[in-house]
Amino acid sequence: KNLKFNNLLIEKPITTFNYRHLQNLKKIFKKRFVFCGYNHSISNVFLAYEKLINKYFKSFEKIECYWCEGWNGILNAHFWLKNEFESYLGDIKKGGGALHEHSHGLHLLTLVLKKFNLNLFNLKKNYFLSFKKRGNKKYDKFFNLVAENKKKIIQYNTDLISIPAKKNIKIFNKEKSLELVFNFKKNTDTIILSN
């Protein structure tokens, strides 16, 4: 209510699935610009990946995206917490869980699909979702989505249980594949083009 900034930059998801939160955001949007994004989508390696997609992929047969990491890695970045339930991280109502807090991969997948004029919302899809609960808090710990458009398959997996972490996006057509792997080696991302 008392925001003094003309514009806002938000790195994480801009809201939760809660309809009331979305309605409150409409009031903010009327008064200022709000930018929402993720640091991975503006990284040098992702920008290079997009250029290679433009060069080699007019179409695709399959896209796979994994954004899987156990709580050890996430809690190392939030070292002041004992566990995920000590903050919003373990509460889906406050923006925690695999599809809110950990949605960087979903954002990257959305950007890649946009290059092919596809939107996940408009595709036939099946999904599986699993939750973890403690007291009155719960979060989604695993999500698997498979979407189809004619002969194209899109698969998205995210979880908060995988060790070691797996964060990548891979696109396939009949001739080649192009994969972006985050943390391929320590502090090193890589792109792999295969014929």
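The values are calculated or read from the model by the stated rules, or taken from the named source; none is laboratory data. Here the structure is a predicted model, which is why all the values come from computation and not from measurement. Side chains are part of the model used for accessible areas, which takes the heavy atoms of the whole protein and leaves out ligands, DNA and RNA. Shrake-Rupley method; radii C 1.70, N 1.55, O 1.52, S 1.80 Å.
A few points about this structure:
- Segment 56-147, accessible surface, carbon-and-sulfur percent (1.4 angstrom probe): 53 percent
- Computed from phi, the 3J(HN,Hα) profile of segment 174-186 under the Karplus parametrisation 6.51, -1.76, 1.60 (θ = phi - 60°) reads 5, 9, 7, 9, 9, 10, 10, 10, 7, 6, 4, 10, 3 Hz, with x in place of Gly and Pro.
- Three-way shape call for segment 86-195 based on the alpha-carbon gyration tensor, with the a/c threshold at 1.5: oblate
- Flagged links, alpha-carbon separation over 30 Å, of Lys114/Lys176; Lys51/Lys150; Lys124/Lys176; Lys138/Lys185; Lys55/Lys152; Lys137/Lys185: Lys138/Lys185; Lys137/Lys185
- Residues of segment 103-195: accessible area per residue with a 1.4 Å probe, Å²: 62 Å²
- Most to least accessible of Val181, Val112 (protein chains only, probe 1.4 Å): Val181, Val112
- Accessible surface of segment 149-195 [probe 1.4 Å, protein heavy atoms]: carbon and sulfur percent: 49 percent
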